[in-house]
1. Would you mind estimating how fast the stretch 2-66 diffuses translationally, via Stokes-Einstein at 25 °C and 0.890 mPa s with the Kirkwood radius over Cα pairs, in µm²/s?
2. Could you give the dipole magnitude of the chain about its Cα centre, charging the beta-carbon of Lys and Arg +1 and that of Asp and Glu -1, in debye to the nearest 20?
3. With only Lys, Arg, Asp and Glu charged, each at its Cβ (+1 for the first two, -1 for the last two), find how big the charge dipole of the stretch 2-66 is about the Cα centre; round to the nearest 20 debye.
4. On a C-alpha basis, how far is the centre of the stretch 12-37 from the centre of the stretch 182-212 in Å? Whole number, if you could?
5. Charges on Cβ only, +1 for Lys and Arg, -1 for Asp and Glu, centred on the Cα centroid of the stretch 2-66; of Val48, Ala36, Ser25, which one is farthest towards the dipole's positive end?
6. Counting only complete DSSP H runs, which helices of the chain cover 24 Å or more along their long axis at the Cα atoms and score a mean Kyte-Doolittle of -1.0 or above?
7. Pull up the cross-link candidates among the aspartates and glutamates for Lys115, meaning alpha carbon to alpha carbon under 17 Å and not fewer than 8 places away within one chain.
8. When the Cα atoms of the stretch 73-211 are enclosed in a convex hull and the volume is divided per residue, what value in Å³ results?
Amino acid sequence: VVCLYRERSSGRPVAIKHISVQQMSREEREQSLNEARVLAMLHHPNIVACHHSFLEDDQSLAIVMEYAPGGTLHDYLRRRGQAPLPEQQVLSFLGQIVLALEHVHSRQILHRDLKSQNLLLDRHRALVKVGDFGISKVLSSRSKAHSLVGTPNNISPEICVGKPYNQKSDIWALGCVLYELLTLRNPFEGSSVGDVLMKVMRGSYASPGEAC
C-alpha cells in the first residue's frame, strides 16, 4: 500500500510504501528489504529518491519515497487514447530513462522490471523518474543473474528461456518502453502469458508504423 503524507519537518509531500512483512515468506521479505537497500544506493534526478525506511513494530516495512504528482507513464499514455506523443517528448522521456539506467548500471544494479507502470512523472509531465526497485539485483563485476523475474511483456528472450542475463536485459525492456511511447501499446501482446513469451522469443511484433 502506498499512501501520500506530508513530512512535518520539511512540509514536503512524500509517498510512503507500507509493506506488511509479518505473513511474508523469507523470499518476499528479502525482496521488500531489497527495494529499500537499492533505493538508498541511488541518487539521480531521474530515479525516485528514497528518503529513509524503517520497520513498524516488526510487522511492516515503511519506505519513505519522493512523491511523483504526475502519476505513472502508463496511466498518462492510456489517458491519451489514440493521440501520439510529440517526437520531442518521446526523445525527452527516452533520454531521461537512459540516463537513469546508466546510473543504475554503473553501480552494478539491474532493475529487472522496467516498464511504463514503474516510470513516474512530475506535475508537468516533463520529468520522468524510474521507480519500483523491488526485484532489482546487485551484481558483482562481470556476473550474471539467473532467476526468472519481470513483467512478461518486457522481459528479454534470454530470461524467457532461463539463460543467464545482465544489464542488456534492461536495455531490451527500454526498447519495449520506447515502442510503447511511439505506438501507445506494448510490442508483445497475447491472450496468455505463454503466448506473450512465445512472441518475445520469436521476435514477433508489428513494426511501429503498423501498430500506430
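FYI, it's all coordinate maths here, none of it is from the lab. Please read all numbers here as calculations on a predicted model, not as lab measurements. Here Cβ is always computed from backbone atoms with ideal geometry, including for glycine, and neighbour counts include all displayed protein chains.
1. Values: Rh = 12.4 Å.
Translational D for this selection: 197 µm²/s.
2. Numbers: 24 positive and 21 negative charges, 57 e Å.
In debye, rounded to 20, the chain gives about 280.
3. On the way: 7 positive and 9 negative charges, 54 e Å.
It works out to roughly 260 debye.
4. Here the answer is 32 Å between Cα centres.
5. Checking the options against the dipole of the stretch 2-66, the answer is Val48.
6. On the way: long enough: 87-106 (28 Å, 0.55).
Correct list, ordered by number: 87-106.
7. Glu35, Asp75, Glu102, Asp132, Asp170, Glu180, Glu189
8. Values: hull volume 15.3 nm³, N = 139.
Here the figure is 110 Å³ per residue.
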